[in-house]
1. Going by C-beta contacts inside 10 Å, put 157, 300 in order with the fewest on the left.
2. Using the Karplus curve 6.51 cos²θ - 1.76 cosθ + 1.60 with θ = phi - 60°, what ³J(HN,Hα) values do you get for each residue of the stretch 144-150, in whole Hz, with x for Gly and Pro?
3. Quick query: amide H of residue 735 versus all other amide H atoms, modeled in the peptide plane; which residues come in under 5 Å with a sequence gap of 5 or more or a different chain?
4. Roughly how many whole Å is it from the C-alpha centroid of the stretch 431-485 to that of the stretch 376-408?
5. Place +1 on the Cβ of every Lys and Arg and -1 on the Cβ of every Asp and Glu in the chain, take the dipole about the Cα centre, and give the residue among 829, 802, 390 whose Cα lies farthest towards its positive end.
6. Can you find, among 705, 215, 339, the residue sitting farthest towards the positive end of the charge dipole of the chain, where Lys and Arg contribute +1 and Asp and Glu -1 at Cβ?
7. Please provide three numbers in whole Å: the alpha-carbon extents of the stretch 137-203 along the principal axes, with the largest listed first.
8. Have a look at the DSSP beta bridges in the stretch 152-289 and tell me what percent are antiparallel, nearest 5.
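None of the figures in this text is laboratory data; all of them are computed from the coordinates on show. Everything quoted here is computed from the prediction, not taken from an experiment. With ideal geometry, Cβ positions are generated from the backbone for all residues, glycine too; neighbour counts draw on all protein chains shown.
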Amino acid sequence: MMNNSRPYEYQNIDEIRYQQVLLLDNQDELKIYLYGYEQSKLNNVIYNFLGIIFLGIPFLIFNAWPQLKTIKFKKCPLETASVLLVLDHYGKYTLETVKTDKLKVPNIGPYNLRYFLYQHTKYVWDIEDKVFSTLDNLIPPNTVDDYLNNTSGLFDVDYIDLYKLFGPNKISVKIKSYWKLFFDEVFNPFYIFQVFSVVLWCVDDYMIYAGCVVVLTLFSSITSLIQTRKQSEAVHDLVESSVCHQVKVVRQNLLFEINELNINPVELVPGDLIILPPNNFVMPCDAVLLTGECIVNESVLTGESVPVTKTALHSSNDVYSIGGLHRRQTLFSGTTLIQTRYYENDDVLARVVRTGFDTTKGALVKSILFPSPVGLKFYRDSLKFVFVLFTIAAFGMAYCLYVYNERHAQLRYIITRALDIITIVVPPALPAAMAMGTVYSQARLKKAGIFCISPPIIPVCGKIKLACFDKTGTLTHDSLDMKSLIPCDRSQFTDPVTDICYVDLKSKLVQAMACCHDLTRIDGVLQGDPLDLIMFEFTKWEFEEPGNDENARFDKLAPTTVIPGKMCSKQVLQSEDDDLYQIGIIRKFPFSSTLQCMSVVSRNLQEPCMTAFVKGAPEKIKSMCNRESLPNNFDTLLSEYTVQGFRVIAIAYKNLPRKFTWKESQKAKREVIECNLNFLGFLVMQNLLKEQTVPALRTLQMANIRTVMITGDNILTAIAVARDCDMVKRHEQISVMSVIDEDNEQAIPRLHVENDGLLYGDEKCHLAIDGKTWEILKQHYSDLIPSVLVRATIFARFQPDQKAQLIGQFQKIDYVVSMVGDGANDCGALKAAHVGVSLSQAEASVAAPFTSMVNDISCLIDLILEGRCALVTSFAIFKYMALYSLIQFITIIILYHGLQSCCRRNDLSARWCQRKT
Ligand SMILES: Nc1ncnc2c1ncn2[C@@H]1O[C@H](COP(=O)(O)OP(=O)(O)OP(=O)(O)O)[C@@H](O)[C@H]1O
């Protein structure tokens with residue numbers, strides 16, 4: 001039932017296994033350390049004794065520093081541990097209890113399960129390897145055929161074990177009650193110190209001041225409690241906004257009777273077979289589609305609201321992979337099924353693969369609940385400063401003790417005065433006061449249409465030094481204008497065409513444009529990728545999905561058909577046979593940013609054979625085409641258009657053999673379709689800049705913030721857009737770094753930069769680099785990466801994972817990086833950046849910490865301004881409080897010093913008087 005991806009791995013760090021390192025991702029970057037402990041009666045007694053005799057203070061300390069709490073336990077091997085001390089990647093400790101359960105694990109059998117829960121993830125003890133690992137590692141992965149060959153529901157008996165193993169299918173974000181928030185605050189060491197200060201002042205008859213501090217503290221605590229509560233409500237609402245209340249599952253009892261049950265989605269387990277309803281259904285889990293087709297809105301996860309088509313799995317021996325190869329066959333938790341489509345009377349079936357916090361949505365919610373700490377040096381330094389103040393206070397106390405001792409003051413008086421010094425020197429409300437700026441900035445951002453799900457990141461916005469932008473949909477409009485069509489006839493480009501009427505209606509090129517897309521009709525409106533939409537509208541063909549009713553049954557052979565529209569009037573179809581001129585789209589391989597293309601298998605009802613049409617990035621299509629079908633001036637013409645900033649898409653086709661039947665089309669692999677193609681021509685489109693792009697970029701540059709473009713588009717188009725939007729000024733030079741094609745494939749590829757001096761100096765020169773060169777740089781010239789990064793402004797043909805890697809590399813050279821993007825291919829980069837901003841119509845998406853409803857990059861300027869406001873407020877409060885405390889401390893020390901001298905003088909004069917008398 002499980003997938004093959006292993007995001008979690010483990011490593012032993014010693015043979016005795018008292019401890020273990022658990023890798024939480026594939027890049028070795030996130031890891032947790034586990035240390036085994038067991039109960040010890042003696043240590044427990046000592047722990048409680050210490051706690052009681054010191055009036056509970058040790059309990060408060062142990063609560064704040066859980067690693068100290070381990071004195072209650074005894075170290076032991078992990079194999080027998082009942083408690084684990086977990087140290088995370090950022091140096092934070094937690095204590096977790098190891099629980100046990102007896103159950104049956106699928107494909108393994110009866111199992112004595114030892115496990116612990118850490119940040120909503122279950123880690124189980126692997127009896128064979130003697131380490132803790134995730135459930136994914138315990139259960140062998142399934143192949144695609146494993147899923148397809150089993151279309152029956154779970155047995156009731158198996159369900160019980162699976163439920164025990166995986167737990168309820170719930171992503172619950174609890175809204176903390178005011179009392180709980182209050183107690184969390186009360187047990188904060190700074191708050192305790194504040195209470196202590198107030199008590200001391202009251203004892204000292206310092207009532208009015210104590211009263212004022214109480215009122216101010218209450219005011220700031222209540223404001224902060226309300227804000228924290230609102231924040232927790234916002235995350236809760238975001239999670240709950242996409243919750244479904246009932247789901248239909250197929251289960252079997254011991255008599256092999258199959259039942260269809262309506263259950264609460266909380267009861268779902270991986271392995272359950274669910275029947276998807278016709279429309280408007282929010283997915284309660286991650287599930288792989290076994291039959292039918294679904295149109296899904298994934299904006300809650302990706303920020304992109306263009307509907308995505310999900311198709312059923314097709315037979316193969318590949319291991320099922322949820323985030324990689326089979327993403328387009330997987331329905332993700334929290335996304336909305338706008339429509340499901342089915343063949344004949346079949347149900348649309350999906351198999352549950354992940355539930356609860358293990359789902360993609362769960363992982364994103366966890367990243368909100370357990371964010372990586374904001375590494376602002378200012379906050380770390382301010383805490384250090386508080387410790388310095390404590391040291392100063394200690395000297396002050398010592399001096400105070402000395403002065404009052406000299407005066408033979410009462411013990412009670414000496415203690416009060418000495419403790420008073422600490423309350424003077426250390427401002428207890430400092431951390432709370434410093435966070436106030438963030439609270440107000442967040443409220444102002446909301447008014448500006450920018451939603452924030454992680455407020456501690458707001459001050460980081462004020463420190464941004466590098467602003468990265470996606471191109472299409474971010475710097476430029478989403479919508480495109482069709483510029484022209486350049487057909488290719490017998491390996492020669494013909495003249496560009498601006499009206500489809502001048503192209504033969506029966507040509508393969510027109511057929512390709514009519515059917516090579518991923519469009520669908522929702523509520524009577526044709527929807528899908530803007531590029532597909534503009535291309536299809538250009539053909540003036542009509543799009544027919546069988547039946548007006550959107551949930552109508554689909555014809556078995558041709559689920560969707562396209563027919564020449566009446567608008568193509570210049571070419572009237574004449575013969576009777578022409579009535580049959582319509583094309584059925586039999587199979588789609590949806591567009592993938594990683595592959596940079598999409599394809600369809602189609603059937604012209606007038607022809608006996610099927611045809612495959614492919615469209616995508618010209619470089620990609622070129623590599624799939626037969627050489628003889630490519631015009632000699634392919635690259636020259638491509639450059640001619642791309643240097644002007646046009647978006648060029650190449651189209652190609654191949655006739656499939658007669659024996660390629662409907663059944664085979666359903667089984668065919670993408671690689672078999674997308675090869676040996678014949679080139680058909682170029683589609684040239686214009687993608688205009690958004691109005692706010694140029695002014696916003698200029699403002700950023702004036703503020704000395706570097707701007708960079710990371711796009712999936714062609715490098716020349718990217719360069720042209722960078723010039724148009726003033727990211728690169730007219731007088732500045734751009735040099736392209738590229739790989740020199742070598743005949744010898746074994747040799748280390750060499751790099752070429754048009755202007756060699758660039759890497760070592762010339763300030764006015766920018767570097768442009770594409771994804772292919774980036775791969776070579778990483779593999780063979782990693783030492784060059786920092787110098788390339790400080791010079792490069794344009795990163796083109798970058799795949800989604802490369803975008804995320806690039807952000808990571810920028811962070812390694814100490815840039816505070818922001819990334820603004822609009823959709824699915826930016827998700828990784830948005831998560832990786834210090835400040836990720838998703839331009840989305842959705843009020844908030846878990847794709848990035850900030851979601852802007854202002855659909856252009858000007859929102860980044862608002863964010864930077866608010867971030868700076870929050871930072872400046874924190875600085876000002878810090879300076880004010882620190883100065884206030886130090887001035888008060890110094891004046892008091894001067895007073896004590898005066899008092900001491902005065903006493904001495906009094907002593908002397910008393911002695912002098914005594915002598916005189
Ligand atoms: N619907 C589509 N069908 C076929 N090919 C497409 C489609 N959309 C984009 N492409 C091609 O794939 C390439 C990569 O697309 P991708 O969506 O990753 O980036 P992009 O839209 O070009 O740019 P950006 O990363 O700035 O959003 C595009 O440059 C284009 O050549």
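1. 157, 300
2. Each residue's phi maps through the Karplus curve to give 4, 5, 4, 5, 6, 6, 10 Hz.
3. Under 5 Å from the amide H of residue 735 lie the amide H atoms of 766, 767, 768, each far enough along the sequence or on another chain.
4. Cα centres, the stretch 431-485 to the stretch 376-408: 41 Å.
5. It is 390, whose Cα lies furthest towards the positive end.
6. 215
7. 78, 23, 17
8. Values: 9 of 11 bridges.
Counting only bridges with both partners in the stretch 152-289, antiparallel ones make up about 80 percent.
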